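Here's the structure, in structure tokens; my notes come after.
The values are calculated or read from the model by the stated rules, or taken from the named source; none is laboratory data. Note that the structure is predicted; figures quoted are calculated from it, not measured. In this analysis, Cβ positions are derived from the backbone assuming ideal geometry, glycine residues included, and neighbour counts consider all displayed protein chains.
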Amino acid sequence: MKRCFVYPGQGAQYVGMGKDIYDRYPVTHRIFDRATQCAGFDVAALLWDGTEEELKATDRSQVAITLVNLAARAALGERGIVSDATAGFSLGEYAALVDAGVISEDDCLTLVVERGRIMERVSRSLDGVDGSAGMAAVLGIDADAIANALADAGVDGVFPANLNSPVQTVLSGTAAGLAAAEPVLKAAGARRVVVLKVSGPFHSPLMADARTAFADVLDRVQFSDPIKPLYSNVTGARVVSGTEIRRLCADQLVMPVRWVDEEALIVADGYDELLEVGPGEVLGGLWKAYLKSSEAVDVPCRPAGTVDAIESIVQ
């Protein structure tokens, strides 16, 4: 069995995630303890007793999601299930870097804590009288149609952020820009425009100040060359150099996530199975949409973020 692990990021958080893995697999306890040390607050309490609104704040959600991703990976490893290749969506790329031997677990948690704090600070600086900058998913039309419609209407302050599937693109923008974009995109044929529960306009030029600040943090961490195939959000291709990966981690804050390109390459590289290692099944849904649109070989993407899901894989 040739497996590629994929790690979720934005949109994966929900109250209660990770508790069953913590209770079933003591090997995960050190990761939980380390996350709390790095974050300066009880991350497990946030996960299990917090509110959806608390989990939405990126300075908290980033360490929470990454913790569950790493814990699910450790639980799989305890059952003898490891990856042959790895990729992560947005924030999920940091767990993938651990999986590929690029950074340590401790450095990963330190980085996502600082990344979250920086992104939250910059996001709040973009808030205005019109509301908070953020993100919205556009369903039913492709990225080119979106770009053409926005350009023709002269809508400013909106950028492609996540290229999720041929018929789903997430935009980042100012509150005014996103509000202006919605009727334009519906008129262009979009089935829905859904505001996402995130606290900033991620993966867009609006995060330029965050990129600058985070680059300084990245310079303090050792990045090794990956020990297995690793796919990049920024390029949509495999990446083989630790030095390049460090630069891409900074660029990721201001560049769109090219997930469709990553999916195409994962298909071409011939894996038997993908495992979504972390909370939720968002990436599994995107994978199904990609396979349907591309008529690629039907390779499953199985959830692997709960005890029950992990046990079903072992069986």
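Looking only at the stretch 279-304, count how many residues are among the small types (Gly, Ala, Ser), at pLDDT below 95, surrounded by 16 or more Cβ atoms within 10 Å (Cβ to Cβ) and assigned to a loop (DSSP other than H, G, I, E, B). Within the stretch 279-304, residues that are among the small types (Gly, Ala, Ser), at pLDDT below 95, surrounded by 16 or more Cβ atoms within 10 Å (Cβ to Cβ) and assigned to a loop (DSSP other than H, G, I, E, B) number 1. Among the residues of this structure, residue 122 does not count as one that is touching a Leu at 6+ places or on another chain (Cβ under 7 Å), assigned to a helix (DSSP H, G or I) and either surrounded by 24 or more Cβ atoms within 10 Å (Cβ to Cβ) or not charged (D, E, K, R) (or both).
Within the stretch 3-36, the set of residues being under 20 Å from the mean Cα position of the chain (by Cα) and part of a loop (DSSP other than H, G, I, E, B) comprises 8, 9, 10, 11, 12, 13, 14, 15, 16, 17, 18.
Across the stretch 37-79, the qualifying residues are those that are at pLDDT below 95, in a helix (DSSP H, G or I) and of a type in the set (Ser, Thr, Tyr), and the one among them that is farthest from residue 132 (Cα to Cα) is 61.
Of the strands (runs of 3 or more DSSP E) entirely within the stretch 133-222, those holding at least 3 residues that are surrounded by fewer than 18 Cβ atoms within 10 Å (Cβ to Cβ) and either outside the structural domain of residue 61 (by TED's automatic domain parsing) or under 23 Å from the mean Cα position of the chain (by Cα) (or both) occupy 192-195.
The single condition from (1) within 20 Å of residue 283 (Cβ to Cβ); (2) without any contact (Cβ under 8 Å) to a residue 60 or more places away in the chain; (3) buried (at least 23 other Cβ atoms within 10 Å of the Cβ) that residue 55 fails is (3).
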